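Written out below as structure tokens is the structure these notes cover.
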Amino acid sequence: MYTLGIDIGSTTSKCAVIKDGKELVAHSLQTGGLGTGGPEEAMAQLWQSCGLTRQDMACAFVTGYGRKNYEGADGEISELTAHALGGRFVFPDLRTVIDIGGQDAKVIALSPSGKMVNFVMNDKCAAGTGRFLDVMASILRLDVDALDTEAAKATAPAAISSTCTVFAESEVISQLANGVKRPDLVAGICRSVASRVAALARRAGVTERVCLSGGVAQNDAVRQALSDELNVPVSVDPLAQYFGAIGAALWAYKQQV
Ligand code: ADP
């Protein structure tokens, strides 16, 4: 039996197909989330990659910021449930999920059996989310996927003291003008995101194993800084950005058996 999960985020749309609740057979991602052609494009890419069709899916669930306005699924689940399920699919011993997406960050604490026991979320402020990194990358004329390699060249990471993205933007521009090297600024920017997310994580409670989910998981400088701040190893997986979609597909399977 095939089931489909769709994660319509603020920034990207992701899809995943799971076979018999066990095997990931296809996944896709397109830029553009809620209110764009992203979901349809991600779906078209998905079918093209696996040769299956929507009719082959026994059930489809949608999650993510845009889930309420999507009509092509059989039901919707919260992002918290989806990320927890998707995270446990990859890391069966997972106890803490730190999801850093395009517009929010969440920390989900799980029991040893995977039940959600606590969560803390920041969806009010762009600092501590992918948006902060996107804004800073554009000021520094870098792609977001180049931030971690740039940060790795830092010799004296810059301190970014502003707690607001708009003020931090001015701060970075003035530090650049004052001759602070780009790698040092990028390292400071990644640390700033990590320190904000670490504060959330401490409120939720951090138990090993800890993993990152969401797009920012691909930024190893943020992962490393988070691990240093929390003093625990933080795991990542290449599928981290798909945990929501995978979790929704697993949930769809659970509704069928
Ligand atoms: P959402 O689900 O809210 O749409 P995602 O979990 O897809 O968000 O994460 C999107 C964010 O991930 C972007 O804002 C960007 O900062 C970050 N990101 C995306 N791709 C990469 C990459 N290759 N390397 C580092 N960061 C990335």
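What nm distance separates the two modelled labels at Ala156 and Glu208, each placed 7 Å from Cα along Cα→Cβ?
Those two pseudo-labels are separated by 3.5 nm.
Below 8 Å between Cα atoms, with a sequence gap of 6+, how large is the relative contact order for the stretch 94-236 in percent?
Reported as a whole number, the value is 31 percent.
Once you wrap a convex hull around the alpha carbon atoms of the stretch 136-182, what is its projected area averaged over all directions, in nm²?
3.3 nm²
Let me have the relative contact order for the chain, percent, based on Cα pairs under 8 Å that are six or more residues apart.
Over the chain, the number comes to 26 percent.
Using a 10 Å Cβ count of at most 12 others and DSSP loop calls, identify the longest part of the chain lacking such trypsin sites (Lys or Arg not before Pro).
With a cap of 12 other Cβ atoms within 10 Å, the longest stretch comes to 154-257.
With springs only between Cα atoms under 10 Å apart, run a GNM on the chain and tell me which of Ala105, Ala217, Ala137 wobbles the most.
Result for the chain, Cα springs under 10 Å: Ala137 fluctuates most.
Return the carbon/sulfur percentage of the accessible area of the stretch 152-211, one whole number, probe 1.4 Å, all protein chains in place.
Here carbon and sulfur together make up 54 percent of the probe-accessible area.
Could you report the stretch 94-236's accessible area per residue, 1.4 Å probe, as an integer in Å²?
I get 45 Å² per residue for the stretch 94-236.
Could you work out, for the chain, what percent of all Cα-Cα pairs fall into each 5 Å distance bin, beginning at 0 Å and stopping at the bin that holds the largest distance?
Reading the bins upward from 0: 1, 7, 14, 18, 18, 15, 12, 8, 4, 2, 1, 0, 0.
Highest GNM mean-square fluctuation, the chain, Cα pairs closer than 10 Å: which of Gly179, Gly64, Gly188?
Greatest mean-square fluctuation among the candidates belongs to Gly179.
In vacuo Debye scattering of the stretch 52-115, one point per C-alpha: log10 I(q)/I(0) at q = 0.19 Å⁻¹?
Calculated log10 I(q)/I(0) at the listed q: -0.82.
Once phi is turned into ³J(HN,Hα) by the Karplus curve 6.51 cos²θ - 1.76 cosθ + 1.60 with θ = phi - 60°, what whole-Hz value does each residue of the stretch 2-15 show in order, with x for glycine and proline?
Per-residue couplings from phi come out as 9, 10, 10, x, 10, 10, 9, x, 7, 10, 9, 10, 10, 10 Hz.
Per the helix-only calculation at 222 nm, which mean residue ellipticity applies to the chain, given -39500 (n - 2.57) for every DSSP H run of n ≥ 4 and division by its residues, nearest 500 deg cm²/dmol?
-12000 deg cm²/dmol
Under Stokes-Einstein, with the Kirkwood radius over Cα pairs standing in for Rh, what whole-number D in µm²/s applies to the stretch 139-246 at 20 °C and 1.002 mPa s?
After rounding, the answer is 147 µm²/s.
Could you tell me the extents of the stretch 1-121's C-alpha atoms along the three principal axes, largest first, rounded to whole Å?
Answer, in whole Å and largest first: 37, 31, 21 Å.
Checking the cross-link filter: which lysines have an alpha carbon closer than 26 Å to that of Lys14, excluding same-chain neighbours under 8 positions apart?
Output for Lys14: Lys22, Lys68, Lys106, Lys115, Lys124, Lys254.
The values are calculated or read from the model by the stated rules, or taken from the named source; none is laboratory data. Treat the numbers as computed from the prediction; the structure is a model and nothing was measured. Backbone-built Cβ (ideal geometry, glycine too); neighbour counts: all protein chains shown. When the accessible area is computed, the model is the full protein with side chains, heavy atoms only, and any ligands, DNA or RNA have been set aside. Shrake-Rupley method; radii C 1.70, N 1.55, O 1.52, S 1.80 Å.
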